[in-house]
Structures are given as C-alpha cells and as structure tokens.
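A.B. asks: Got a structure for you, questions after.
The values are calculated or read from the model by the stated rules, or taken from the named source; none is laboratory data. Model, not experiment: these values are computed from the prediction. Cβ placement follows ideal geometry from the backbone for every residue including glycine, while neighbour counts extend to all protein chains displayed. Heavy atoms of the whole protein, side chains included, go into the accessibility calculation; ligands, DNA and RNA do not. Shrake-Rupley method; radii C 1.70, N 1.55, O 1.52, S 1.80 Å.
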Amino acid sequence: MTPFPEGFLWGAATAAYQIEGAADEDGRAPSIWDTFSRTPGRTRDGDTGDVATDHYHRWAEDVASMAALGLDAYRFSISWSRVLPDGRPNRAGLDFYSRLVDALLEAGIAPVATLYHWDLPQDLEDAGGWPARDTAFRFAEYAEHVGQVLGDRVHTWTTLNEPWCSAFLGYASGVHAPGRADAAAALAAAHHLNLAHGMANGALRGVVAASARHSVTLNLHHLRGDAEAVRRVDAVANRIFTGPMLGGGYPADLLADTAAVTDWSFVRGGDETTIAAPLDVLGVNYYSPTLVRDDGAPAAAHGHAEGAATPFVGCADVVFAEQPGPYTEMGWPVDATGLTELLLLLHREHPGVPLMITENGAAFADEVAPDGRVHDEDRIAYLRDHLAAAAGAIAAGVDLRGYFAWSLLDNFEWSHGYSKRFGLIHVDYPTGRRTWKDSASWYQEAIKG
Ligand code: IFM
C-alpha cells in the first residue's frame, strides 16, 4: 500500500531564467541574471540564459513530456521582466504563460506558479534592488497584475523561491546576481523579500480564484552539529524567514547576532503583520544536510565559491564542516535521512502548516550512451531514497501534500552555467534535443505505482 495520501501531487519543477531562453524576444527586458551572466567571470565558461533550453519555443514539446511522465503538477516560474518590462505591461509576455497554463490544464496537469525565482528586473535593481523598500511594493503590483490574468487557472501560487539565496547569495556573498557583497544590504534585502511575500500574498487573495492555494518556497537548511553553531546559522538561514512568515516575528537572537551589522530600522510598524499573511502550504526545497561546528576559523560553506564573503551574516565563528560522501556533482553530500528529519522538525515546530517538497534532486555527470540513452543509476537511487524518506515522514504524521523533482530538464545552473545537469530529461544544448534519462522512466513508474 502506498504511504502517499490521496490527492498527493507528483510533480517536477523548473524556473524561468534557467529554461526559457528568448531573453530578448517579444518585449522582454533584462533581469539581474541577464546582466550578471553577461558580465565576464561571473558564470562558468561565461554561460548565459540567453537560449537556455529554448523552452520559450519548445514549451508544447515539454508539456507533452510532462503528460507522458504522468505528472499531476508542474512547478514553473514567471519572468517578471517578461510580463512587466521596465514596469510596463507586456501582453506578449503574459500570453506565453497563459498558453502554457492552458496546455497544462488540457493535459490534466495542475499549474503551480512561482512569481519570483531570482530574476529581478534590472531597472528595479538600478533603483536599489531588494535592499530598497520600494521593491516590495513593485512586487505586490506585479503579483496582482499576473493574478488578474492567470488567477482563474493556477492551482497554487508561490510568491518567492528560496529568498535566502536572493538575499544572501545575491547581496552578501555576491556569487549570485546582482553580485553585491554588503552584509547590511543583505539583511535589508531579506526583510524586503519577506515584506514582498506578505504584500503579494494579500494582493493575490484579492484577485485569484478562492480555491487557489497560497505558498512560499524556502530552502531551509537542515543543520547538524554543535548547538551554538546550529542556533546561529538557523537564525540567519531559516528563522529569518519562518519567524515572520509563520507569525512569530523576527527572532530576538537573530537581531542580537546581527546587531553589529544593522540596527534593523528598515522593519517598520505593521510589517511583521503583513508578512504573516496566512499560508495554505509551505514549500520546502531539500538537497542535503549541513554540518556546522563552532570551534575554529570561518570557512566557506560547501557549494559556495572559495574565498567569497560568507553568505551567513552574523556567523563568523561557525565552521561549515566536511561531511561524508557520496557527493553529487555539486559537491553536496547525499543523505536522505536529513529530509525526514527536516520534515519532522517543521511538523513539530509549526503544527498545522501543510508541507510540500517543491524541489529535490541531484546533479550528476550524465552522458548520452552509445545506445542513445542516459543511464543515470545514481539519480534513480537518489530519488528512490528521498521518496522513501518523504514516505517515512508521512508515516510519522507529517502532512505532506506533494513532491516535485528538480528538475524536469537539464538547465542553466546559475553561476555553474550548463556544467551541472539536474534534469530527468537530458538536453543537448547545441541542438536543444531532449532525451529521457532512465530516471525519467523510473519516475514515471513511481508515479504510476
Ligand atoms: O537550480 C537550483 C534552483 O534554481 C533553486 N534550488 C536549487 C537548485 C539546484 O541548485
């Protein structure tokens, strides 16, 4: 008997800048990722998302693959600078998403739309970016605009994807766009992302179908190690978002740990109430656990560029320790037990908040074999173990509503360019040709079963 409850959503996820391409087509304006990736030295091999997987032109073929996989739901993101280039409504941009949503519904696939997956319009960055309060107001307007057009058809609205990355990789360590290294700006950015989430959540509820679900997706760090190190990193990586979003406000220890960096005067009266707008489901992205110690000199966290400023503001004495392998191509340890533990922890700390795994997956060095197929046994093992871990959490009482594999397709992996392949479906970048990996066929069977 399957442990997955009736109505559980089996899905796969992508993000606009990582797959769409068509960067200069149909009125789209540049986002911070266009600027960043076109700046020499910022991405591996100078890769950009200009063409990416060409999904903008191949979306019909991609929806057909989703249908063949048997997906219940598809999580994609909307490009803000495609629908509101330089702040002006662009019908052609919204039409693209409208056609996609219609095709998904026709194929029996529920659209799960994320409004922000890291691609801030460049004009808003030029006006101050996320460290500026005004950006939250622009985001709420954008949410309302998209909600008015797609609100009758989208199953679940997600305001932000992984705001930790937007704030701290974008503004503290600078390894992501817009590439700034300013710890105080990063904390202000985190607050304005929270505010943007709350305002957009409120704005959407005013215009979309009453049946739609409202969510946000966080890459919560599953921390193990010394208690004080865990507490500090938990404050600035997790509770900085879950605190205000789930109604508890900013934690006192976070404010204390970061007092030397900022006085938090950017938090105004009423902000925390706005941020705490009710959520129907909390999206959780999980890849691997993090091991921390508090006994040494600061070190770069795994997966982040050597020598770059730390994204963990206020955690100067924390060491991010090596963990035992095996590792994925990202250098991330494979450890599914962390997923069960994380889900159980969230369930304990926030009872009554339904959860959804909105990303989980692994990059491996996939190649098309002489038989024309991609034999990615390591990804199958990763998915199998993590689904078993999710099932374990459900058996222990966690209200888990869905699982989205990251990713449907190989795609542009941010500063790593096209060197890391996370897809169930292989993409040959010079031609755009798609080839199902063995993991895609495995996932198809898993969904059936
Ligand atoms: O590719 C990213 C995605 O955009 C956000 N979550 C993590 C993935 C793998 O790094």
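A.B. asks: For region 178-226, how many residues are of a type outside the set (G, A, S) and open to solvent by 20 Å² or more (accessible area, probe 1.4 Å)?
C.D. replies: 12
A.B. asks: Quick check: anything in region 113-121 surrounded by 22 or more Cβ atoms within 10 Å (Cβ to Cβ), more than 16 Å from the ligand (Cβ to nearest atom) and at pLDDT 95 or above?
C.D. replies: Scanning region 113-121 turns up at least one residue that is surrounded by 22 or more Cβ atoms within 10 Å (Cβ to Cβ), more than 16 Å from the ligand (Cβ to nearest atom) and at pLDDT 95 or above.
A.B. asks: Give the residue that is nearest to the ligand (Cβ to nearest atom), with candidates limited to residues of region 403-420 that are among the hydroxyl-bearing types (S, T, Y) and out of contact with any Phe, Trp or Tyr (no Cβ under 8 Å at 6 or more places or on another chain).
C.D. replies: By that ranking, first place goes to S415.
A.B. asks: Give me the pairs: first residue in region 249-268 and within 18 Å of N194 (Cα to Cα), second residue open to solvent by less than 70 Å² (accessible area, probe 1.4 Å) and of a type in the set (V, I, T), beta-carbon distance under 8 Å, and six or more apart or on different chains, which are they?
C.D. replies: Partner pairs satisfying both residue conditions: Y250/I240; Y250/V267; P251/I240; L254/V236; L254/I240; T258/V236; T258/V313; W264/T258.
A.B. asks: Output the residue which, of all residues in region 135-151 that are open to solvent by 30 Å² or more (accessible area, probe 1.4 Å) and within 17 Å of P163 (Cβ to Cβ), is nearest to the ligand (Cβ to nearest atom).
C.D. replies: Per the criteria, the residue is R138.
A.B. asks: Cβ-Cβ under 6 Å, sequence separation 6+ or interchain: first residue in region 63-91 and among the acidic types (D, E) and open to solvent by 10 Å² or more (accessible area, probe 1.4 Å), partner part of a helix (DSSP H, G or I) and at pLDDT 95 or above. Which pairs?
C.D. replies: That search, which allows pairs on different chains as well, returns D86/D123.
A.B. asks: Ok, one more. Can you run down the residue pairs with Cβ atoms below 8 Å, 6 or more apart or on separate chains, where the first is in region 23-42 and in a loop (DSSP other than H, G, I, E, B) and open to solvent by 20 Å² or more (accessible area, probe 1.4 Å) and the partner is of a type in the set (K, R) and modelled with pLDDT of 95 or more?
C.D. replies: What qualifies is D26/R82; G27/R82; R28/R82.
A.B. asks: Does F168 count as of a type in the set (A, V, I, L, M, F, W, C), within 16 Å of the ligand (Cβ to nearest atom), touching a residue at least 24 places away in the same chain (Cβ under 8 Å) and crowded, with 23+ Cβ neighbours inside 10 Å?
C.D. replies: yes
A.B. asks: Continuing with the same structure: Within region 369-380, is there a residue that is among the aliphatic types (A, V, I, L, M) and under 21 Å from the mean Cα position of the chain (by Cα)?
C.D. replies: Within region 369-380, not a single residue is among the aliphatic types (A, V, I, L, M) and under 21 Å from the mean Cα position of the chain (by Cα).
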